[in-house]
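Each reported figure results from applying straightforward, stated rules to the coordinates on display, with no laboratory input. Only a predicted model underlies this, so the values are computations on that prediction, with no experimental measurement involved. Virtual Cβ from ideal backbone geometry, glycine too; neighbours counted across all protein chains shown.
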Number of protein chains: 2
Amino acid sequence: MIKVSVMYPNKSGARFDHEYYLQKHMPLVQARMGDKLKTFSVDKGVAGGVPGSEPTYLVICNMFCESAEAFQAGFGPHVKEIMSDVPKYTDLTPVIQMSEVVVG
Amino acid sequence: MIKVSVMYPNKSGARFDHEYYLQKHMPLVQARMGDKLKTFSVDKGVAGGVPGSEPTYLVICNMFCESAEAFQAGFGPHVKEIMSDVPKYTDLTPVIQMSEVVVG
């Protein structure tokens, strides 16, 4: 199992429409990827390591797929459509990484 | 539900003993936090957003707790013991953040 993490930095003054993201963007990703996307999670940053400090990331999305190939097969054909939806909810550039799930 | 993410930056030349981390450190965290730690995951970075690029984080651990208070109650009393175990597997300083799980 792999996990693709999309992490939106917590930049002061940045725009992020949580409602559009949850109600429109993620359902679009889900619809386009179909069963290649096993499941996903969305987290909203609350604090950094020290209580009361700012979180490093405003939003973290994790997409779970069977393999890197499954992710590419699901996401690849729709990358243009999905990426062109991003400016509708944010002006942030996410940090993206693919990881192997070692403990699930 | 909240998630505490502990993200170890992928710094060239850094030391990280995956075996110690999985076999000794995480079991220690689990034993000390008891039922305050609902579950946890460990991911190993494979690539960045562009296939073949370096991942931003070498290892990402997510600890799931009922609330910020539950995390503090489980982790707080053992912070000294747990933190003093860290140099045994790495010389990296992790990025830590607490998030609210919006989609689970």
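Data for the structure
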{"item": "Only Lys, Arg (+1) and Asp, Glu (-1) charged, at Cβ; the protein assembly as shown dipole about Cα centre in debye", "result": "80"}
{"item": "Within 10 Å of each Cβ in B:46-52, the average number of Cβ atoms from other chains", "result": "5"}
{"item": "Gain on full stretching of the segment that runs from A:SER53 to A:ASP91 - 0.36 nm per residue minus C-alpha separation", "result": "11.4 nm"}
{"item": "Entries in B:LYS11/B:LYS36; A:LYS80/B:LYS38; A:LYS11/B:LYS3 that, when Cα-Cα distance is taken, lie over 30 Å", "result": "B:LYS11/B:LYS36; A:LYS80/B:LYS38"}
{"item": "Note, ³J(HN,Hα) from phi for the range A:56-70, Karplus 6.51, -1.76, 1.60, rounded to Hz, x at Gly and Pro", "result": "5, 10, 6, 9, 10, 10, 10, 10, 9, 9, 4, 7, 4, 5, 5"}
{"item": "Label-to-label distance, nm, for residues given as A:THR39 and B:SER67 (7 Å Cα→Cβ offset)", "result": "2.5"}
{"item": "Mean Cβ count within 10 Å, highest first, over the residues of peptides A:46-57, B:39-50", "result": "B:39-50, A:46-57"}
{"item": "Value at 222 nm in deg cm²/dmol, rounded to 500, when DSSP H runs of n ≥ 4 in the protein assembly as shown each add -39,500 (n - 2.57)", "result": "-5000 deg cm²/dmol"}
{"item": "Size descriptor, Kirkwood hydrodynamic radius, that averages inverse alpha-carbon separations across the protein assembly as shown, Å", "result": "17.8"}
{"item": "Average beta carbon contacts from partner chains per residue of A:86-97, 10 Å cutoff", "result": "2"}
{"item": "Top positive-direction residue, dipole computed over the range B:30-90 with Cβ charges, set B:HIS78, B:SER67, B:VAL42", "result": "B:HIS78"}
